[in-house]
Structures are given as C-alpha cells and as structure tokens.
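What follows draws every value from the coordinates through simple rules; no lab data is involved. Since we're looking at a predicted model, the values are computed, not measured. Because the Cβ atoms are built from the backbone with ideal geometry, glycine has one as well, and the counts that use them run over all protein chains shown.
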Amino acid sequence: MRHIIHAFLAVLLLALPQIAASPARAEGEAAAILTQNRDLVAKASRQTIGPVIDALAASGDPTAAQILTAWEARRLGQRKSDGAFFLLAPTADGYALTAPDGTAAGTAPKADITELKPNAGVRGLIATALVQFTLSDPDPAARAAALTSIARDPAAAHLEPLRASIDGETDPALKAQKQRLERLLALQYGASAAERIAAIESFGADLGLDIRGALNPLVATKRIAYAANPPAGANLARTLTPGTDIPRTEAYDLLVAANLAPARLTPEEQTAALAANLVNGSVGGVALADLNSQPARDRAYTALETAGTVPPAATDPEVEAALQAHTFAEVYAEPDAEVTAAAQAALKRIGLTVGAMQVADLSLDALSLASIYFLAAIGLAITFGVMRVINMAHGEFIMLGAYTGYVVQLFITNYTLSIIVALPLAFAVTFAAGVAMERLVIRHLYKRPLETLLATFGISIALQQIAKNIFGTQARPLTAPAWLDGAWVLNDVVSISYIRIAIFVLALLFLGFFLWLMKRTRLGLEVRAVTQNPAMAASMGINPDRINMLTFGIGSGIAGIAGVAIGLFAKVTSELGSDYIVQSFMTVVVGGVGNIWGTLAGALLIGTLQKGIEWFNPSNTLAAQTYMIIFIIIFIQFRPRGIIALKGRAAGD
Amino acid sequence: MTKGFLAKNPSILIFLAALAAFTLLVTLGSEALGLSFISTSMVKTLGKILCLCLVALAMDLVWGYAGILSLGHMAFFAVGGYMIGMWLMYARTEEIVIAALAQSPLPATPEEIRQGIATQIFGVVGASDFPPIWAFAHSLPLQLILALAVPGLLALVFGWLAFRSRVTGVYLSILTQAMTLALSLYLFQNDSGLRGNNGLSGLQNIPGIGEPSQAAVSLWLFWASALALACGYVLLAWLVSGKLGSVIRAIRDDEQRVRFLGYSVESYKLFLFTLTAILAALAGVLYYPQAGIINPAELAPIASIYLAVWVAIGGRGRLYGAVIGAALVTLLSSWFTGGRVPDIPLGFATLKWVDWWLVLLGFGFVAVTLFAPQGVGGLVDKLQGLRNPDRKGAPLGPDDGSLQEKEAVE
Amino acid sequence: MSALLEVSGVSVTFDGFRAINNLSFSIGAAELRAIIGPNGAGKTTFMDIVTGKTRPDTGTVRFGERPISLLALSEAQIARAGVGRKFQRPTVFEDQSVADNLTMALKAARGPFKVLFWKETAADRARVAALAAEVGLADQLTRKSGELSHGQKQWLEIGMLLAQEPRLLLVDEPAAGMTLAEREHTTALLVEMAKTRAVVVVEHDMEFVRRLNCKVTVLHEGAVLAEGSLDHVTKNPQVIEVYLGR
C-alpha cells in the first residue's frame, strides 16, 4: 500500500512542472493535460489529483467542463490498448467514444475500455472545479447548486468567475445570493486590503453563519516562539508571557517544536534509557531495587549523563533560561493587520447581535420546554392540585397516551388523520383508566395520602411492565405529520421547530380549557365545592363520588393527550412517563398547589432555569437537571408553598 | 426498671435466634465448608437479602415509626456502596497494575503505579487522572469512614433544609425522590468522577487477602451481613423501646402536639433521617461487594420505592415486619425473575413470569395497601390475638396515624 | 403583681382579614382567667400566637419575670420556656399507653440524644403515678390511651400538661363533650392548678365559666371588648349586644 502511494507521489512530482508550465489558453489544452497526467488521472486519489483538476479548470479550454462533468459522472474511460482517454456514452453493445478535444472517435466494445471510477473525495474536487462553469448555466437549479458548492468550499479561484457571472444573472434571488457570496469571497481573497475591508464592513452586524465562517479564519492565530523579537512584518495578536498567558510546558514545547531548545526527557524515555543501561543490577551507581522512586531515577540518569552514556536532557533551570531567552507571540495567520482589525471589529459587532439573538432563542427554547412541562403537569394540577390526590401513575398515563398514538398510527397511515384520531382516543383511553383507578383504588384511600402515593406507585410499576411486555423495550416511533416537520427559522441563530410551536399552542389551549372548566362550568363549580368541603357539598345535592371520579378522569385524560404530544418529539418507551413524573410534580409543587397560574409559573420557572443552566454548560443536560433539582430543593426553603401560595388559615399548617 | 430491655422485647430474642439458625444453615450448606447444597451464588443472594433487610429496617424506623416516607434511602444505600466500591476497585486495580509493572525492567515508582491505576479505572470514560473525590480511595479505613460519613452528611444537609422549612407528608416524599433523581443523574455523567453509567465493577474481588475462593468470600460477607443485621436490629429495637421511640411515634401521630410538649420535632426528624441514612449506607457497604457491580441505575428513584414496598408488605411500625417484607419480596422476586417458576400456558399465549412478575408485584402491592394495610406483620398480631382498640374511625397507629396530612387540610 | 404574660398591640391578618386587631392582654403568675367571645373573635388565633404557631404582623409578646420575647422562639422553645397548651379536641398519643404519654410530657431534657439515653428513675415512676392519680387515671396506666373515654383523654391531656410543669397554661374548651360529673372534676383541677401557675381557659359555656369564678376577658373581632368579673362583663351593654345577642 505504502509502495503505491510512493509511486503516486513520484508521478505527481514529475507531473508538476508540466502542469505549472501550461498557461491558461488555447484549444486542446485540456486534452493535453489529461494525457500528460495519464497515470494520475487513471488512479485518482484525493491527495494527489488536486493540481491536475485545477489545471483543467484553469486551462480556459471549453471542453474542460465536459471532461470534468464526464469524469465526475463516471463517463470518462481509458482505452486499454493505448491508454487514451475518451468521453463515454453507453450504446447497446459498448460505448460511443468522444475524444477529449471534442471530436467523435467512433465506438468501442465494453471490454476495450476501462471506466474511471473516481471516489467520493475526487468527485468532490471535480465538483468544486466545475462550479465556475455552472455559474452561468442556463438552468437556475444548476446555478443555485454551484453557489451552494462555492459557499461550502470557497476558493480564491471562484472569485473572478463569480464576479463575471453576476451581471448576467437574471434571477433576482440568485443574483442577491451571488452578490452576497461575492462579498464573502472578496473579504477572504480580495486583491487589496481596502477591497477586503470594504467587503467586511459591508456586512455590518449580519448574523449569517457564512459570514462568521468567513471571518473566523481571518482572526485565527498561531502561537510561535521567536529566538529574538518577532519580525517586523508579523501581524501580532499579542505577545505571550510564559506562566501567565501560556503554560510553561506548552511554551517550552513550542521551543522544542521550533528546534530552539532540546526536548525534555519524558518519563518513558527516562525509563527506557535506564533500562538500557542496566549493568550488574545497578544503573549509574543506583541499585535496581532503589529505582522505585522518581528522585532515585533522576539521580541515576544524571550519573549516566555525566558518564556520557545518554544524551543530556534539559533540566529545570535550563528550561527556565530557555523560556527567558525567547519571546512568544500569538500571530495572525492573515498577514494584513488592517484586515484583521476590521474582521475583529466585525466579529465583535456580530457577537453582540448574536448574543441578543441567542437570548431570544434561549427564551424560545425555555418557553417550549415550559410548555412541555406544563402539558405534562396540567393533568396533575387537576388530580394533585385540585383534588390533593397523589397519582404517581400519572407518568404512566402520559405513556399510555403516547402508545395510543402509536397504535393508531399502525392502523391509520395518514399521519395528519392519525393524530386527529389519536388525540381524542388517547383522552378516552386514559380517562377510562383514570376512572377505573379512582373507583378501584383511590376512592378507598382518600384519607390516607401516603398510602395513595404508594398504591399508585404499585399501579405505575405494573403499567410500565405491562407496556414493556406488550410493546417491547425498544422505542416506538410516533411520527408527526409532514406539516409539523421543519422549523420556523428567523435567522441563523433563532429558530423553533413547528412541533414545539404546536405544543406551545396545545399548552395554551389546555390552560384555556382548564380555566373554562373550573370557572365557567357546573362541573367546575361542583369540583371546587367538593374539594373545599365534601360534606357540605354533599348536603347541597352534589354527589362527591361522581365529581371525584369525573375530575380524576379528566386529569388523567389530559395526561393522555399530553402523552401524544410528548410522543411526537420524544421516543415512545415504557419509561416515557417516569422521565416526566418528578418534573411534573416539581412543577406543581414549585408553582403552588391548587392554582393553575402557579403551575404555569412553575413550568416557566423550571423550563427557563433548565435551559439557562444548560446554556452555561451546553454539553451536559444531565448536570443541568441535577442543578435544577438542587435549586428547587433550595427554592422550597424560601417559598415552601410555591410561587403562588395560598395564604392564611385556609392554607392549613 | 421493672423488666429488662430484652424481657420487654421478646421479639428480639426470637429474631436473633432465627437469624442465628439461618446463618448456621447457610454456613453448613455452603460450598466453602459444608455440605454444598447451597450454591455460592445463592449464598451471595442470601447475603444481599440480609443487607436489604437492614436497609428495610432503617426505612421502617424512618417511615413506620416516624412517619417520614423517604424515597431517598436507597440513594444513601448506593452512595455507601459507591464509597466502598471506590476502595475495592482502587485496591484491586492496584494489585493488577503492580503485577503488570513487575514485568518492566525497572521497579515501578509510586507515580507510575498511581497513573497506571487511573488509566485502568478511568480509561472507559476517556480520562486518565484521578478526580479529587478519589483522594482517599487508597485507604480502607478512610474510605470506610467516608462510606458512612458521606451519606450521613448528605442526609443531614438535605434533612436540615427539608425539615427546617417544615416540608412534610407527600411533599417530603416528592422532595426526597427529587434528591434521589438528582443524585442518580449526577452520577450518570461521565465527569462525575465515578465512571458515569459504567459504574464501578469487579467489586466481588476483595483485595489484600490473597486469592481465596469466591465461595469463602461469599460466606464471609454473608456472616458480616448477618452480624450487621443483628446489630442493627438490636440497636433499633433498643432505640424504639425507650422514650425516644415514644417521641418519634408521637411525632408520626401528631407532630404539632409534640412541639407543644417542648420537643423540637425538626431535630428528632433530622436525627432519625441521618441515623437511618448511615444504617442504609452500612447495608450498602456490605451489599455491593456481594453484588460485584454498582452503577447509577442502582439509585434510580424506583429502587427507593421498592424499599417502601417491602416495608409496607412486611408491615410498618414493627421491626420484624420490615425484615419479613424485604426478605419475602426479594426472595420471591429472585425466584420469579430467575425463571424458576413454570410459565403458565394460556392457550393463546404463555404467561412468562420473568415478564409478568413486576405486574404481579405492582398489583399485589396495591392489594396489600387496600386490604391489608398492616402487611404480613398484621398476621402476627392476629396470631397473638392482639387487636387494636376499635377507634370508631379515628386515626391510630402506624397505618392511619401516619396520615396526618396537614397540607391536605383546607 | 407583675405580669407573667404580657401581650401588647398584637395584630395579625389572614388574606386581608384581621383575625387579631391591636390586642393587649396580660396575666399574673398565679391567676385563673377565662376568655370568652363569639366564633371568629380570635380566641384560637390568640392562643396560636402565644404558643408560636402563628406569627403576628405587629406587636410584642413577653413572658416571665425577666421578660423574654416569645416571638423569636419556636413552638418547642416556647413550650420549654413554660407555656403549656391543651387543645379543644383531646390530642393524646392514642397508640401509646397512659404511662408513656405522661412520661413523654415529664419535665426533662428534650434533646434527641438526651432523650435517647434517658433512663427512667424511681422518682420518675413515682411522679407519673402521682400525676395519674391526680387526674384520676391511676388504674389506667398500662392501657393504650386510645381506649380511654373522651373525658379520660381530656384528663390525661391535663395530666400531661401538669407533667410539663408549665408556668402558663392555655386551655381550649376543656369541658366540651363532658358529662356533668366530669365537668366538676375538671373545674376542680383547673382551680387547683391556678393556685401555683397562670391558667387561661377559653370557653363557650357560660355556666362552666361561672363555676370557675375568675376574671373574664371578652374578645370580639380580635380585640378585648371587656374585662372583669363575669357578672361585670355580662352587664356590659356592648357584650350583651355582640355576644349574648338579643
């Protein structure tokens, strides 16, 4: 393998002068380049083929585009007999051949031709080279593709063809895109500093990722060690003091890398050197058994150094002296100081705007997380908040709703329709489950809250295992309809997926529903009466059993609907519910039990908090949850009754 | 004092005798020095069950006697396990590393050994340095102290915060559950310093005692667990039989009234919460060397819920109830999930107990809560002909008494 | 005679409702006092404030010779300072024996560790027996207190209060639900207790108050309406209007 690569490199070296010698002009040039680099082309690899492709692209030969296109499409072939290249067009019994200079060259049977099969890397290079030809392609789609390709992999060579194609552009959208791209290229590859600075300034505080991507290389720096002061021409970002701006070891490594100082002895090298000089059970006068500590090993090595058997290694004072004697600096890769200054300023400008936008994006994220928590908790706000019944199986009702959605999708393949069917069905299923649970279990435990908590745990364990037995442990998909795919993109920073918007709307709907139910309906009135004083309510002709059953059913039913909504963006597993149960209870408790606005406030607080903590440490959502729970525990110290607390004697003790 | 402590509590002697007989039986039957009718893995299972009985005792004290339904005691149990696991893993890896470094031409330096251990242990989470929390992992006594002190301190701080703000009843349960969840999520991270979700493993190899057979090690640990259970039982029985027991049962039944008697309810709760956390940690210290592995899933909130289930099934407010409950449920559980129960063909499908045991347990637990709130221990009362006085519906005792649910009173 | 308890200018508001409105009250070291008032007059809230269950918005509550403010203390600390409280509903620990209930209330160190290592002495046993005899429960010591009759529970609770040896006793409707004979026993107990300590009795039953034969404070809308002998206050036209009705 290595052999082959060496061979390639050799060929490449031979080919280089020829490539360099071919100026951009004249017809037939492309064919010549192809022939000159026959071996390279035949066995093209991404590492070696670059110069050939560039030469083709720069040749100015109109057939170059055709050759490259054919090559990319695997329609370039080599005749086995003489190694000549041809553009291939498949016919019934072989290929119709076209010579690289554009003339027809008859046909050939398949067996006579070796097709060139460039790999993905090579095809990428070809595509880039082809871009400039396609910028003026009559097909707008091809032009758009070319622009995308340039934007992905910009090169200095693109600037001129791009500029040339702007005036002829007819499509206004593409024209704007071309102009933007032209400025992007100009700021990197512009001929003069002034031109580049103008291009940088023209973007103002633009939020595009592309502009940040283009500016960042301009301000990229490299740490360099200098024997004396940095050369006058260098574009210095700052000088570094070892120990404060740069760790000493790193600074010394720079010196070693620049061949300005001898390498330090690594422990491995020391061990190897000592082991190699083991004579009669001792090294440098130190007994082998004593070499089990670092000072002893250092002593032995020093002894060897003195004896001249091992090369001297830098000692600490020497390192210190070397660090003192040299200067270290961060140097911009970009040589022009004015350009880097302009880029810095532009990045700072953009950074401020990006910061503001990130806050907006974070707020949207927090809002959407809050809606999810609110949705998961609203059923609890009814069963726990209003009825004071602890239902630890609430999470499993959410799961039940999600699985209902999944089962519905098994039968109804139209996703929109299936969601429309699943929502009421999930409500019905979990309503029934809630009513059954209330009648069979909870009713008998109304005076024993801790026991309710435990009994519903039992149900939760059983329901989870049943779901696992039926649906298996792997996640089941609950697919959102296509119109909920994608995201609402405000700019490169702020975006929110449609599913999250839908969940937000759903949360609002439920808030409205809850308020309407409790404040405007007979049922709500009776529920409030029963919760405040069951005996009195009963004497007024309200059947508390019926009310409790209905309330619990509605609370559970809402959990079912929440399950469908949550299932749309989370994986549906039997553990879906238990992932939300603690957060749901926290939402209700933090908000203040018995108050829907409290639940809303709790959801907002927890959502914002979690996103806020995640923002500080984006890689670690687990830690964010940990810190959030700790925060809640501390929060409860200060507001034991939640954000919106019932006050006075009514709140009990 | 009219009667001695043991004379007043005959159940202690019965319990100790039963435990001694059981220990003797297992010893004789073990592969290490007996008739080999109990396999080593069974000895480990039984030893683990003894540890679970101990943590159930702690749970019974804090819930059955003091009315605090803590859903965090398995977290203390697991933290204790982690702490001892750190030493086990460190010391074991140290032996391996030293053996490996003995092959190299030079005798190893302490730095090399430490680096080798760190690479071995943390390679799996892509780190090669010891996190600060491993500072004492090299020393068994220090780590043993930590194994009890860390959960104790955790319980002290959490309890102080929770009790100070008078969080009671279901709120406290939810808060303790949240604490457990926070701990487990924290440990799931790779940079928690405890190997993330890989947890600590290889704990069944006890370092520093040569290469004894697992059969012998399992028996030793079984003895240690039995001893710890016996001591724990006597300690708690002594604790609840005195005036302190009186006060904590009074707290369970009417916390406010106890305050007006001049007892600082919060400090009692804090004392109990911390004490039981330390007991739970002790159980964890003995449990995990027998289990061999510990990972953050061990302190998922569900584990603490199972603990409550054991105590409830065994019967709250009586120490032997907790032991019976933990032993019964865990034995049944290992019997059902071990595939030793014949599956039931139902014609259209087969009822596999491995899958359906949890369903049975869940519903069984609901049934116990509904129909036998006294648990299995209630049967003992029936046998002894003890009846609680007919209270005509008023609350009494560990079952009804622990429902002093102040928040629910509007 | 200096006052043992001095409540002055205390107000407390629940959700905009003034339960106690600039209330001032004081009682001497060995005095029996009855507090009467219609429902919602603030009787229970007053006791809640003194025992630390409710924190007032304004005002001071001072207790003892070298007065200490009760507002800074927790319920348990107030109880240890010498304030005992008997609830309207008898609240004894029904799962435990009469002796256990009394032992728990005995004046002794209250810290968890002190209690853990507390050993019952002969003197303690004698004290418990004496207390039980005083409240008429001498032969019930080993029974579970849940099995006692309503009146017996009231006495047990009074016995527990005595065991605490408080300097101020707050008693909420001690006679509620008692038979006539039990009432007489209770009256005698209260009068006896007031010889050595301050006793505040909150009561609805005018007949019972008359039997106590002590100074009466009438509360109305969270403030003191009248104070004096029962005959004196029942002649007060305001009292007649708001309390006695008609």
With axes computed from alpha carbons, what is the tilt in degrees of helix A:140-152 against the longest principal axis of chain A, rounded to the nearest 10 within 0 to 90? 80
Under 17 Å from a point 7 Å along the Cα-to-Cβ line of A:R443: which residues of segment A:368-396 have their amide N that close? A:389
Relative packing of A:440-446, B:359-365, which averages over residues the other C-beta atoms within 10 Å, highest first: B:359-365, A:440-446
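Give, rounded to the nearest 20 debye, the magnitude of the charge dipole that segment A:355-651 has about its Cα centre when Lys and Arg contribute +1 at Cβ and Asp and Glu contribute -1 at Cβ. Walk me through the numbers before you get to the answer.
Details: 19 positive and 12 negative charges, 222 e Å.
I would put it at about 1060 debye.
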Per-residue mean of other chain beta-carbon atoms within 10 angstrom of the beta-carbon, peptide A:520-526? 0
Roughly how crowded by other chains is peptide B:164-173, in terms of the mean Cβ count from those chains within 10 Å of each of its Cβ atoms? 5
Looking at chain B, what % of the alpha carbon pairs are farther apart than 35 Å? 32
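Could you work out the percent of alpha carbon pairs in the protein assembly as shown separated by over 53 Å, rounded to a whole number? Don't skip to the end; give the middle numbers.
Numbers: 403208 of 856086 pairs.
The answer is 47 percent, as a whole percent.
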Name the lysines eligible as straight-distance cross-link partners of C:K144: C-alpha to C-alpha under 24 Å, and not fewer than 8 places from it in the same chain. A:K447, B:K3, B:K8, B:K243, B:K382, B:K392, C:K86, C:K107, C:K119, C:K153
Selection from B:S39, B:I84, B:L101 lying farthest towards where the dipole of segment B:1-128 points positive, charges on Cβ: B:S39
Taking Lys and Arg as +1 and Asp and Glu as -1, residues besides A:S192 with C-beta under 13 Å from its C-beta add up to -2
Check C:G84: other-chain or 5+ apart residues with amide H under 5 Å from its amide H, H built from backbone geometry? C:R167, C:L168, C:L169, C:L170
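Averaged over all directions, how much area does the convex hull of the C-alpha atoms of segment A:254-386 cover when projected, in nm²? Before the final figure, lay out the partial values.
Working: hull surface 76.3 nm².
Mean projected area of the Cα convex hull: 19.1 nm².
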So what is the relative contact order for chain B, in percent, with contacts set as C-alpha pairs under 8 Å and at least six apart? 29
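Expressed in nm², what is the orientationally averaged projection area of the convex hull enclosing the Cα positions of segment A:71-229? Write out the running numbers ahead of the final one.
Details: hull surface 61.5 nm².
Result: a mean projected hull area of 15.4 nm².
Could you order the peptides B:229-240, A:104-115, B:289-300 from most to least packed, using the average number of other C-beta atoms within 10 Å per residue? Working shown, then result.
On the way: B:229-240: 19.1, A:104-115: 13.2, B:289-300: 21.2.
Going from most to least packed, we get B:289-300, B:229-240, A:104-115.
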Springs between alpha-carbon pairs under 10 angstrom, Gaussian network model over chain C: which of C:K144, C:K114, C:K53 fluctuates most? C:K114
If unit charges are put on Cβ atoms (+1 for Lys and Arg, -1 for Asp and Glu) and the dipole of segment C:3-244 is taken about its Cα centre, the option from C:P174, C:Q154, C:V50 lying farthest towards the positive end turns out to be C:V50
Equivalent ellipsoid, chain A (semi-axes from 5 times Cα gyration tensor eigenvalues, Å): 64, 42, 28
Computed curve, segment A:355-651, Cα-only Debye sum without solvent term, log₁₀ I(q)/I(0) at 0.10, 0.13, 0.14 Å⁻¹, is -0.54, -0.92, -1.07
At each listed q (0.12 Å⁻¹), what is the log10 of I(q)/I(0) that the Debye formula gives for segment A:221-332 modelled as equal alpha-carbon point scatterers? -0.53
The summed charge of the A:L291 Cβ neighbourhood (under 13 Å; Lys/Arg +1, Asp/Glu -1) stands at -2
Placing unit charges on C-beta atoms (Lys and Arg positive, Asp and Glu negative, everything else neutral), compute the dipole magnitude of chain C about its Cα centre in debye, rounded to 20. 560
Sequence-distant aspartates and glutamates (8 or more away, or on other chains) whose Cα lies within less than 20 Å of A:K222: A:D245, A:E250, A:D253, A:E330, A:E334, A:D336, A:E338
What order, most packed first, do the peptides A:178-184, B:21-27 have when packing is the mean number of other Cβ atoms within 10 Å of each residue? A:178-184, B:21-27
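How big is the charge dipole of the protein assembly as shown about its Cα centre, in debye rounded to the nearest 20, if each Lys and Arg gets +1 on its Cβ and each Asp and Glu gets -1 on its Cβ? Don't skip to the answer; put the middle values down first.
On the way: 102 positive and 103 negative charges, 845 e Å.
That gives a dipole near 4060 debye.
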With Cα atoms, 0 to 90° folded angle of helix A:316-325 axis to chain A main axis: 70
List the lysines whose Cα sits under 17 Å from the Cα of A:K117, skipping any in the same chain fewer than 8 residues away. A:K43, A:K80
Given the rule -39500 (n - 2.57) for each run of at least 4 DSSP H residues, summed and divided by the residues of chain A, what is its mean residue ellipticity at 222 nm, to the nearest 500 deg cm²/dmol? -20500 deg cm²/dmol
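According to the square roots a ≥ b ≥ c of the eigenvalues of the Cα gyration tensor, what is the shape class of segment C:162-202, taking rounded for a/c under 1.5, prolate for a/b larger than b/c otherwise, and oblate for the remainder?
On the way: a/c = 2.33, a/b = 1.74, b/c = 1.34.
Prolate is the answer for segment C:162-202, as a/c is 1.5 or above and a/b outweighs b/c.
Quick one: compute a quarter of the convex hull surface over the Cα atoms of segment B:1-104 and quote it in nm².
On the way: hull surface 45.1 nm².
Spelled out: convex hull of the Cα atoms, projected over all directions, averaged, 11.3 nm².
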Listed residue (A:G168, A:A199, A:L215) projecting farthest to the positive dipole end of segment A:140-219, Cβ model: A:L215
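Please average, across the residues of B:95-102, the number of beta carbons from any other chain that are within 10 Å of each residue's own beta carbon, and give a whole number.
Numbers: counts 0, 0, 0, 0, 0, 0, 1, 0.
Other-chain Cβ atoms within 10 Å of each residue's Cβ, averaged: 0.
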Degrees, to the nearest 10: A:415-440 long Cα axis against longest axis of chain A: 40
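What do the square roots of 5 times the Cα gyration tensor eigenvalues come to for segment A:140-219, in whole Å, largest first, as semi-axes of the equivalent ellipsoid? Spell out each step's value before the answer.
Values: eigenvalues 81, 35, 29 Å².
Ellipsoid half-lengths, sorted descending, are 20, 13, 12 Å.
Sequence gap at least 6, Cα distance under 8 Å: using those rules, report the relative contact order of segment A:110-166 to the nearest whole percent.
Details: 27 pairs, mean separation 17.9, N = 57.
RCO, segment A:110-166: 31 percent.
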Stokes-Einstein diffusion coefficient of chain C, Kirkwood radius over Cα pairs, 25 °C, 0.890 mPa s, in µm²/s: 131
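With a cut-off of 8 Å between alpha carbons and a minimum separation of six or more residues, what is the relative contact order of segment A:140-219 in percent?
This gives 26 percent for segment A:140-219.
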